[in-house]
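Right, one structure below, let's go through it.
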Amino acid sequence: MNYAHALICSSGWWARTVEHELLPWGLAGVDVGDEVLEVGPGFGATTKVLARGAPSLTVLELDPRYCERLCRELPAGVEVVEGDATAMPFEDARFSGVVCFTMLHHIPSAELQDRLLGEVSRVLARGGVFAGTDSIGGSPSFRLLHLRDTLVPVAPDGLAERIERAGLAEPRVDMARRSFRFRARQPAL
């Protein structure tokens with residue numbers, strides 16, 4: 001993440017936006033259960049909000065510096081795991097819910113994004129929910145914000161099919177002005 005992007009994602013403005021807009025919209029009508037995994041929390045703005053309601057919350061973050069920061073700033077009950085979302089260090093069917101917010105576009109290729117979706121399917125328990133949001137990423141300002149940063153936008157119109165190919169059922173993608181939310185379920189049987 002470049003300096004400008006890091007500055008925004010660690011700001012009070014972003015924390016308020018996450019708490020009052022992004023998470024309520026991204027998780028509307030979704031029950032993630034008691035054993036939740038957040039993939040790619042970055043600075044932890046979403047994690048701090050999730051930690052208030054999840055009985056058990058684990059976060060998976062690739063960057064060791066962010067992991068150190070998360071360990072310092074998150075409540076003691078949140079498990080911080082350093083690792084790669086395309087090869088998750090968790091046993092099969094461990095989590096009742098897996099979430100990720102505004103991070104899929106930071107995965108460096110569509111193939112690796114699909115590998116992440118496959119890993120979500122693997123670690124999600126039967127009947128579990130996968131949900132999250134991402135930015136559409138087409139505007140010049142969004143591209144400028146990601147200058148010298150990883151930016152591989154996810155096409156919302158093809159995401160449901162990609163989620164289904166990963167083994168999840170009932171995928172749904174809803175569009176907003178500059179972002180989209182998604183949800184799917186691990187089949188119960």
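The values are calculated or read from the model by the stated rules, or taken from the named source; none is laboratory data. Computed from a predicted structure; not experimentally measured. With ideal geometry, Cβ positions are generated from the backbone for all residues, glycine too; neighbour counts draw on all protein chains shown. Remember, those area values only see protein heavy atoms, side chains included, never the ligands or the DNA or RNA. Shrake-Rupley method; radii C 1.70, N 1.55, O 1.52, S 1.80 Å.
The length gained by stretching the chain between Asp84 and Leu189 to full extension, at 0.36 nm per residue less their Cα-Cα distance, is 35.0 nm.
What ranking, highest mean first, results for peptides 53-60, 77-84 when packing means the other Cβ atoms within 10 Å averaged over each residue?
53-60, 77-84
What residue among Leu144, Leu112, Leu23 shows peak mean-square fluctuation when the chain is described by a Gaussian network model with Cα springs under 10 Å? Largest GNM mean-square fluctuation: Leu144.
Round to the nearest 0.05 the FRET efficiency obtained for Arg143 and Glu91 when R0 = 35 Å and r is the Cβ-Cβ distance. About 0.35, to the nearest 0.05. Here, P(r) means the percent of Cα pairs in each 5 Å bin from 0 to the largest distance; for the stretch 124-177 it is 4, 16, 24, 19, 15, 12, 7, 3, 0.
Using a 1.4 Å probe on the protein heavy atoms, what percent of the accessible area of the stretch 112-182 belongs to carbon and sulfur?
Roughly 51 percent, rounded to a whole number.
Between Arg65 and Thr17, the C-beta separation translates, for a Förster distance of 25 Å, into a calculated FRET efficiency of about 0.60.
Note on Ala4 and Glu73: with the Förster distance fixed at 22 Å, the Cβ-Cβ geometry gives a FRET efficiency of about 0.55.
Out of the total accessible area of the stretch 22-107 (probe 1.4 Å, heavy atoms of protein only), what percent is carbon and sulfur? Carbon and sulfur together cover 51 percent of it. Counting only Cβ charges, +1 for Lys and Arg and -1 for Asp and Glu, the dipole size of the chain around its Cα centre is about 480 debye. For the residues Arg115, Arg72, Arg177, a GNM of the chain with alpha-carbon springs under 10 Å puts the largest fluctuation on Arg177.
Of the labelled figures (1) 1.02; (2) 0.92; (3) 0.99, only one reflects Rg/Rh (Cα atoms, Kirkwood Rh) as derived from the coordinates, namely (2). Taking Thr46, Thr150, Thr133 in turn, the Gaussian network model of the chain (Cα-Cα springs below 10 Å) assigns the largest fluctuation to Thr150. Note that the chain presents 49 Å² accessible area per residue, ligands and nucleic acids not counted, probe 1.4 Å.
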